[in-house]
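Structure first, commentary second.
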């Protein structure tokens, strides 16, 4: 679902348009992280993690895929943490 969203965003003209890019936390509890991109600046809201389901043996924590952020690290201007729960701060 995230790849389809990102591919659709690439097809659209980004000029002076706010893009909201969910990287985790959709339709689940935990891993809350959303990037807001405007022109060449990205602000990231929350950096959460999730705890594994019972069937995820050997897994301690589940983290979101932040490839989009690492690919655009030069555009990331800052992070906003909404509150101190682990599903928001990691």
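The values are calculated or read from the model by the stated rules, or taken from the named source; none is laboratory data. Keep in mind it's a predicted model, so treat the numbers as computed, not measured. Cβ sites come from the backbone with ideal geometry, for glycine too, and all protein chains shown count toward neighbours.
So the values come out like this:
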| quantity | calculated |
| --- | --- |
| Among (1) modelled with pLDDT of 90 or more; (2) under 19 Å from residue 89 (Cα atoms), the one test that residue 28 misses | (1) |
| Odd one out for residue 62, checked against (1) modelled with pLDDT of 90 or more; (2) in contact with a strand residue (DSSP E or B) (Cβ under 7 Å, 6 or more places away or on another chain); (3) farther than 14 Å from residue 34 by Cα | (1) |
| Selected residue (criterion: nearest to residue 24 (Cα to Cα)) from residues of the range 64-82 that are in a loop (DSSP other than H, G, I, E, B) and in contact with a helix residue (DSSP H, G or I) (Cβ under 8 Å, 6 or more places away or on another chain) | 65 |
| Filter result (touching a helix residue (DSSP H, G or I) at 6+ places or on another chain (Cβ under 9 Å) and either surrounded by fewer than 13 Cβ atoms within 10 Å (Cβ to Cβ) or within 15 Å of residue 79 (Cα to Cα) (or both)) within the range 46-60 | 46, 47, 48 |
